[in-house]
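A short worksheet on the structure shown next.
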Amino acid sequence: MTVRKLLKSTNAFLLLFLLGIGTVWGQDDLLEELQKDVQPLDEKVSGTFKGTRLINGHTVETRGKGNLDFIISHRFGRLNSGSYNFFGLDEAHIRLGLEYAFDDRLTVGVGRNSFLKVYDGFVKYRILNQQEGSVNIPVSLVWFSNMSNKTFKRPDLPMTFERRLAYAHQLLVARKFSERLSLQVSPTYIHQNLVPTRQDDNDLAAIGMGGRFKLTSRTSLNAEYYYRINPSNDNYYNVVAIGFDIETGGHVFQLHLTNAQAMTETGFIPATTGNFWDGDVHFGFNITRSFQLKEKGKAW
Amino acid sequence: MKTYIIAIVLWTVVATPLCGQSYRTVESSVSFYSSAPLEDIKADNEEVIGVFNAATGAIAFVVQIKGFQFAKSLMQQHFNENFMESDKYPRATFEGRLSGYNLNASGKQDASVKGKMTIHGVTREMEIDGEFEVKDGLKMKAVFPIELEDHDIDIPKILFQKIAEEVEVTVNFTFKKD
């Protein structure tokens with residue numbers, strides 16, 4: 001049968017008609033067409049870490065404008081202190097902290113740590129937020145500066161105000177590589193007005209490394225290590241910590257094991273006396289409760 | 001030859017009105033509201049696009065989950081990370097057929113739509129009643145409940161008081177001819 005004959009047949013009429021209608025009905029697959037038209041959003045990467053602390057140190061996380069975080073941190077005694085001390089649980093140090101986000105970039109916080117009776121205050125500023133879309137920013141970058149006042153009395157030395165002060169400055173650089181994995185590097189500079197001996201350097205450079213691996217949507221495994229570049233005192237060790245985060249809406253619970261007992265950067269980076277590998281390990285936790293004091297687009 | 005002409009004429013008569021009835025959203029918003037003992041949760045989203053074919057009643061829309069804006073930024077983060085898993089399921093979609101509307105009538109009319117709603121990667125058949133109006137294009141509005149469980153959206157036990165099992169969704173579309 002030739003093509004012409006085929007077209008002439010009534011079947012061809014029906015075929016052509018249905019073909020024509022078919023192309024119109026084909027538009028019914030609207031969703032598929034529509035999916036192609038979706039404009040990708042400029043996506044600021046959020047939730048690089050669950051908490052504003054990785055374990056001991058800060059993460060690049062800053063809270064949204066108007067958020068107040070109340071942080072309760074505990075470090076117990078050493079696990080290797082034996083059953084008489086109930087493996088360190090008899091001894092507990094606590095830090096209470098309040099941190100307010102003046103805007104999405106700027107957080108200011110204060111705290112009081114019972115270990116060596118330290119008051120501390122810090123400023124944290126988000127310089128860059130990791131982003132995907134029309135503008136691609138590969139990492140989040142946050143500046144952190146902390147000043148602490150160690151008010152613990154020493155009978156052998158009159159503790160003037162200057163002697164009590166110490167400073168820490170950090171540049172926190174982190175990237176959320178995937179939904180599960182985030183890594184952070186934190187170059188750190190610490191200045192202590194008073195150091196244990198004349199041989200000790202007042203200035204210390206260190207580099208922090210850490211990350212988290214998400215186990216489920218609400219839990220993650222964290223690790224953190226601070227390497228001291230110019231340690232001048234053999235009695236101190238680098239800080240090692242492993243932790244486990246559980247997040248439940250407005251709370252973050254962080255449980256960890258670390259060789260540090262101090263809970264501020266000026267304490268745990270230069271002056272950690274425990275050797276993690278010898279079992280000088282402290283069980284500790286941070287509990288963060290977030291309150292939104294000021295809502296977006298609303299006055300007080 | 002005669003059959004050709006008949007085919008073309010018939011095709012034109014039947015198909016032309018079908019082709020010329022395609023509408024696109026020019027303004028759209030999707031919001032949800034959930035009331036729970038501790039906290040009311042509300043979010044709005046304008047990252048929504050839709051198409052409607054007035055001749056066939058076929059309608060479809062796509063909602064970008066990350067476009068939901070909350071008053072509390074932490075809540076927004078948890079919504080994306082924990083509940084909607086928006087990295088894994090970035091879009092919610094609907095595809096269905098609208099019926100009961102009259103393009104030539106004025107004023108608000110009741111219409112209903114039946115189709116497939118996909119949220120959090122789970123597709124469910126839904127029938128939704130809403131409002132339809134021919135005014136500066138086409139306007140559609142509907143308020144309907146969505147059960148979180150229907151779409152496998154988990155609420156941790158410890159949070160159960162904070163989040164309702166059912167959320168009320170409001171959609172508002174303005175369509176203009178394509």
Check whether at least one residue in segment B:139-149 is closer than 25 Å to B:Pro37 by Cα and not in a strand (DSSP E or B), and report yes or no.
yes
Which of the residues belonging to segment B:54-79 are of a type in the set (A, V, I, L, M, F, W, C) and in contact with a Lys or Arg (Cβ under 8 Å, 6 or more places away or on another chain)?
B:Ala58, B:Ile59, B:Val62, B:Val63, B:Ile65, B:Phe70, B:Ala71, B:Leu74
Filter segment A:97-113 down to residues that are closer than 19 Å to A:Arg164 by Cβ and loosely packed, with under 15 Cβ neighbours inside 10 Å, then give me how many there are.
1
On the given criteria, is A:Glu247 closer than 24 Å to B:Phe83 by Cα, more than 21 Å from the chain's Cα centre (by Cα) and charged (D, E, K, R)?
no
Set B:Glu81, B:Glu46, B:Glu127, B:Glu131: member being buried (at least 19 other Cβ atoms within 10 Å of the Cβ), among the charged types (D, E, K, R) and free of Cβ contacts under 8 Å to residues at least 60 places away in the same chain:
B:Glu81
Members of segment B:20-40 that are farther than 28 Å from B:Asp178 by Cβ and either within 8 Å of chain A (Cβ to nearest Cβ) or surrounded by fewer than 19 Cβ atoms within 10 Å (Cβ to Cβ) (or both)
B:Phe32, B:Tyr33, B:Ser35, B:Ala36, B:Pro37, B:Leu38, B:Glu39, B:Asp40
Unique match (being modelled with pLDDT of 95 or more, of a type outside the set (Gly, Ala, Ser) and surrounded by 13 or more Cβ atoms within 10 Å (Cβ to Cβ)) among A:Met159, A:Met209:
A:Met209
Check whether at least one residue in segment B:45-58 is closer than 30 Å to A:Asp42 by Cβ, more than 10 Å from chain A (Cβ to nearest Cβ) and modelled with pLDDT of 90 or more, and report yes or no.
yes
Is it the case that A:Ala168 is in contact with a helix residue (DSSP H, G or I) (Cβ under 8 Å, 6 or more places away or on another chain) and farther than 22 Å from A:Phe276 by Cα?
yes
Given (1) free of Cβ contacts under 8 Å to residues at least 60 places away in the same chain; (2) farther than 15 Å from B:Ile153 by Cβ; (3) among the small types (Gly, Ala, Ser); (4) crowded, with 20+ Cβ neighbours inside 10 Å, B:Ala71 misses just (4)
Please count how many residues of segment A:169-217 are in a loop (DSSP other than H, G, I, E, B), within 14 Å of chain B (Cβ to nearest Cβ) and among the charged types (D, E, K, R).
2
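The values are calculated or read from the model by the stated rules, or taken from the named source; none is laboratory data. Remember, predicted model here, so these are calculated numbers, not experimental data. Heads up, the Cβs are rebuilt from the backbone with ideal geometry, glycines too, and the neighbour counts pull from every protein chain shown.
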